[in-house]
């Protein structure tokens, strides 16, 4: 199931499951998140979009976040709102807490494009796995405060249309292991995806082939941390369904240790594995559609949507 594209001048729904966008440290004094969100919303409106902000978006009931039930209610509010065509939210910590409170039937009945990255991995994959609705990984609200040409083309090719039939690259792809394979795309931030495996919120068919994409960043942990997460994923039942792996930006310079670890995985599993800087926590925010059938060619360094 694929929702219709966001129309130009359409309605964007915003919520915040993983951080508090607005918090007053002292009366009248706002920390940078609030100033940034004012710029984000202004950027959306300057492009002709209308913005619906969920009711609990700015609450800090738990001190560092709104409560899990409040954040879940925000998603359900946006899902039920017939005018909202696109739900966009950012990262942080806390998204897994929201999963028990998502009304998946609402998303099934009111399909709309949903996009995030990082901590949003948990929610994007859970919605797809429980509803069949394609979701989109790679961008967050801050893209509206300063587009790059590359990020804009991915927004237009995946959110405003379905025109991107081959993943557009903006970095050199490193082939860790070659060959080609086909499967359904899913994945995201490495730790969030690993934590989702084996839970009732990710009821995927492990007999169906998947192309897995993952990303992590050195500011969250070194290659040893990534290796541990990869080991967890490799030991899961889900791994027998993985036919190929794309790993996103880890740092802006070369990381031979990570390439070597990815090569071990590719050779051990007998699948194509590539590394790129097209998506993740770097400057590039390419979009990857979760739930889309795709072909990964490790030798050519190409991802084609089928």
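Every number here is computed from the coordinates shown, using simple stated rules; none is lab data. Because the structure is a prediction, the values reported are computed rather than measured. Neighbour counts are summed over all protein chains in view; Cβ atoms, including those assigned to glycine, are modelled from backbone coordinates with ideal geometry.
Specify whether the C-alpha gyration tensor of region 83-184 places it in the rounded, prolate or oblate class, a ≥ b ≥ c being the square roots of the eigenvalues: rounded for a/c under 1.5, otherwise prolate if a/b is larger than b/c and oblate if not.
prolate
With the Cα gyration tensor of region 174-305 giving a ≥ b ≥ c as the square roots of its eigenvalues, does the rule (a/c under 1.5 for rounded; else a/b larger than b/c for prolate; else oblate) give rounded, prolate or oblate?
rounded
With the crude spin-label approximation of a point 7 Å out along Cα→Cβ, what separation in nm comes out for residue 200 versus residue 268?
Output for this residue pair reads 3.1 nm.
Taking square-rooted eigenvalues a ≥ b ≥ c of the alpha carbon gyration tensor, is region 1-155 rounded, prolate or oblate, where a/c under 1.5 means rounded and, failing that, a/b exceeding b/c means prolate?
oblate
Using a simple spin-label model with points 7 Å from Cα along the Cα→Cβ vector, what separation in nm is obtained for residue 182 and residue 142?
3.8
Take residue 60, project a point 7 Å from its Cα along the Cβ direction, then tell me which residues of region 73-99 have their backbone nitrogen under 16 Å from it.
Residues 93 fall inside that zone.
Calculated from the structure, Kirkwood radius over Cα pairs in Å equals which of [x] 24.5; [y] 21.0; [z] 19.4?
Computing Kirkwood radius over Cα pairs in Å and matching it to [x] 24.5; [y] 21.0; [z] 19.4 gives [z].
So which residue, out of 96, 141, 256, gets the largest mean-square fluctuation from a GNM of the chain using Cα contacts under 10 Å as springs?
Judging by the Gaussian network model, the answer is 256.
In whole Å, how far is the Cα centre of region 91-153 from that of region 244-306?
20
Kindly work out what percent of the DSSP beta bridges joining two residues of the chain are antiparallel, to the nearest 5.
The antiparallel proportion sits near 40 percent.
Please report 252, 162, 278 as a ranked list, fewest other C-beta atoms within 10 angstrom at the top and most at the bottom.
Neighbour counts put them in this order, fewest first: 252, 162, 278.
Select from 152, 295, 71 the residue whose mean-square fluctuation is largest in a Gaussian network model of the chain (Cα-Cα springs shorter than 10 Å).
Looking only at 152, 295, 71, the largest GNM fluctuation is found for 152.
Could you give the length gained on full extension between residue 306 and residue 164, defined as 0.36 nm per residue of separation minus the Cα-Cα distance, in nm?
Here the segment from residue 306 to residue 164 would lengthen by 50.0 nm.
Quick one: of the DSSP bridges fully inside region 11-158, what percent are antiparallel, nearest 5?
15
Counting other C-beta atoms within 10 Å, which of 121, 61 has the fewest, and how do the rest follow?
Least to most surrounded, the residues fall as 61, 121.
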